[in-house]
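Novice: Okay, handing you the structure first.
The values are calculated or read from the model by the stated rules, or taken from the named source; none is laboratory data. Only a predicted model underlies this, so the values are computations on that prediction, with no experimental measurement involved. For neighbour counting, all protein chains shown are included, and Cβ atoms are generated from backbone atoms with ideal geometry for every residue, glycine included.
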Amino acid sequence: MRVVSIGLDGRVGDLEHAGHALSWVREMAGLVDEYVEIAESPDGQTHGPIALAPNATAWLLAGSPATYPFRAARFAAGLHAQRPFDVISTEDPVRSGLAGALLARRGGLPLNIENHSFHINEPVWLNEKPHHRIYNRIAIWVCRRADSIRNYSAGQNQALLDIGVEARRIHVVPIVAPDLQPLDEVEARRSIGLGSEPLVLCAGRMVAYKNIPVLLRAFQGLPRSLGARLLLVGSGPAKESWQKLASSLGLENRVIWRDAVPWETMVAYYSAANVFAAPALHETGPRTVLEALLCSCPVVITPEMGVVRSGICSNRETALVVGPEDVEGWSHALRTLIMDRELGRRLSEAGRARIGPEISYSALARNVVDVLRDTIELHKSRRC
């Protein structure tokens, strides 16, 4: 099977740091005849072919994000004309998904879409930025035309069914986390320039549905005598407004803001933290929760998450689960885990034990290859 994957993450070409994208491609390459990755260039220059494995190459395309779907489809069509692909896989249903749909229509190829979010027809996301409504229409158009779609959790399925996607075309392939080992807490804190005070960590893209205002208000409710600090790691369009909110709440000296850091550095952040907080309204994973548990950091999360739906996180068994609007509940949960380190240790150990071997890159790759084979068969049946 010859696979072309169209994505957005140009870090796949960074051979010096085997991050998520590169590790994923190498796992897939071990199970297929050839794997070609097309992604956006992170530095404005076109690169390729970049040898990622003996049978895997990457092409990083320069140019405007707005024109990327058309450029990626045209470039992939040129590769397909030289040596035909058997199936297309895309990283999301919007920009890379549009590229995949254009290529599929042009070349008559089977198309699989990875759907990593709850964004389709989701009100908070739709109202966050004007162009999200355009993205939503693209996603619906693409998903209706795809031969198969793979979701991270069953909670995403209904939105697809509501727009007319047949149930047989929907696959659930859970999100995975790398095999991480915790670092010594003191050394971890020293490596990222932090002291010994109790630390609550939240990391991820700073967008509206991440619900950080609730976390800030909950943190404000913690007794100052605890001496706790809140560390927010990430970048995104909502960051500036959240910083203003933190200031208005009098948290200037209690909140640490840091931009997104390289994936390999996050191990130190998880290991340094006493609590990992994920107050999002909904998440398909998130991977950060799995990574925190693997680094022995207890977590506080909301109910509408893939890690809850999958059974990895259960309230007071492997995590503390609090409603996304319950500020007092969040404040109580944070205070509990800061003060009761033994409870945090038990919860994180139980959570780590539930992250079995099926939540690994190799298991995911096997599942996705099965989905791609099914995609080829579905494509044949839909054309009959």
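Novice: Going residue by residue through region 359-382, is there one that turns out to be more than 17 Å from PRO174 (Cα to Cα), crowded, with 17+ Cβ neighbours inside 10 Å and within 22 Å of the chain's Cα centre (by Cα)?
Specialist: no
Novice: Within region 135-175, track down each residue that is closer than 18 Å to LEU98 by Cβ and among the acidic types (Asp, Glu).
Specialist: If the condition is that a residue be closer than 18 Å to LEU98 by Cβ and among the acidic types (Asp, Glu), then ASP147 is the only one that fits.
For every residue, the table says whether it meets (1) at pLDDT 95 or above; (2) of a type in the set (Gly, Ala, Ser).
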| site | (1), (2) |
| --- | --- |
| VAL261 | no, no |
| ALA268 | yes, yes |
| ALA277 | yes, yes |
| HIS282 | no, no |
| CYS297 | yes, no |
| ASN315 | yes, no |
| GLU325 | yes, no |
| GLU328 | yes, no |
| LEU334 | yes, no |
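Rundown of residues vs (1) part of a loop (DSSP other than H, G, I, E, B); (2) of a type in the set (A, V, I, L, M); (3) out of contact with any helix residue (DSSP H, G or I) (no Cβ under 9 Å at 6 or more places or on another chain), yes/no style:
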{"position": "LEU222", "(1), (2), (3)": "yes, yes, no"}
{"position": "SER225", "(1), (2), (3)": "no, no, yes"}
{"position": "LEU232", "(1), (2), (3)": "no, yes, no"}
{"position": "PRO237", "(1), (2), (3)": "yes, no, no"}
{"position": "ASN253", "(1), (2), (3)": "yes, no, yes"}
{"position": "GLU264", "(1), (2), (3)": "no, no, yes"}
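Novice: Please go through region 10-35 and pick out each residue that is of a type in the set (D, E, K, R), surrounded by 19 or more Cβ atoms within 10 Å (Cβ to Cβ) and outside any helix (DSSP H, G or I).
Specialist: Listed by number, the list is empty, since nothing qualifies.
Novice: I would also like to ask the following. Which pairs turn up if I take residues in region 215-229 that are more than 14 Å from LEU245 (Cα to Cα) and look for partners that are surrounded by 14 or more Cβ atoms within 10 Å (Cβ to Cβ) and of a type in the set (Gly, Ala, Ser) with beta carbon separation below 9 Å, at least 6 apart in sequence or on another chain?
Specialist: Within 9 Å, the pairs are GLY221/SER331; LEU222/ALA228; LEU222/SER331.
Novice: Also: Any idea how many residues of region 281-294 are more than 13 Å from the chain's Cα centre (by Cα) and buried (at least 24 other Cβ atoms within 10 Å of the Cβ)?
Specialist: Adding up the residues that qualify gives 2.
Novice: May I ask you to say which residue of ALA177, ALA268, ALA260 is touching a Gly at 6+ places or on another chain (Cβ under 7 Å) and within 29 Å of GLU27 (Cβ to Cβ)?
Specialist: ALA260
Novice: If you don't mind, there's one more thing I want to ask. (1) within 21 Å of the chain's Cα centre (by Cα); (2) surrounded by fewer than 24 Cβ atoms within 10 Å (Cβ to Cβ); (3) of a type outside the set (S, T, N, Q); (4) not in a loop (DSSP other than H, G, I, E, B): which one isn't true of ARG346, the others all being true?
Specialist: Every listed condition holds for ARG346 apart from (1).
Novice: Which of (1) touching a strand residue (DSSP E or B) at 6+ places or on another chain (Cβ under 7 Å); (2) outside the structural domain of CYS143 (by TED's automatic domain parsing); (3) surrounded by 20 or more Cβ atoms within 10 Å (Cβ to Cβ) is the odd one out, the single condition ILE312 does not satisfy?
Specialist: (1)
Novice: Give region 67-95 a look and list any residue that's in a helix (DSSP H, G or I) and among the hydroxyl-bearing types (Ser, Thr, Tyr), or say none.
Specialist: THR67, TYR68
Novice: Of the conditions (1) part of a helix (DSSP H, G or I); (2) among the charged types (D, E, K, R); (3) over 29 Å from ALA146 (Cα atoms); (4) modelled with pLDDT of 95 or more, ARG352 satisfies every one except a single condition; which number is it?
Specialist: Evaluating ARG352 over (1) part of a helix (DSSP H, G or I); (2) among the charged types (D, E, K, R); (3) over 29 Å from ALA146 (Cα atoms); (4) modelled with pLDDT of 95 or more leaves (4) as the failure.
Novice: Next question. Only one residue in THR57, THR67 is more than 28 Å from VAL165 (Cβ to Cβ), modelled with pLDDT of 95 or more, surrounded by fewer than 24 Cβ atoms within 10 Å (Cβ to Cβ) and of a type in the set (Ser, Thr, Tyr). Which one?
Specialist: Only one candidate qualifies: THR57.
Novice: Picking from PRO178, PRO182, which residue would you name as being farther than 28 Å from ASN112 by Cα, in contact with a Ser or Thr (Cβ under 9 Å, 6 or more places away or on another chain) and at pLDDT below 95?
Specialist: PRO182
Novice: To continue, here is another question. Residues in region 32-46: is at least one modelled with pLDDT of 90 or more, under 22 Å from ARG95 (Cβ atoms), acidic (Asp, Glu) and not assigned by TED's automatic domain parsing to the domain that holds GLU291?
Specialist: yes
Novice: Moving on. With respect to the numbered conditions (1) in the same structural domain as GLU349 (by TED's automatic domain parsing); (2) within 28 Å of VAL322 (Cα to Cα); (3) at pLDDT 95 or above; (4) not β-branched (Val, Ile, Thr), which one is the sole condition not fulfilled by ARG190?
Specialist: Every condition holds for ARG190 apart from (2).
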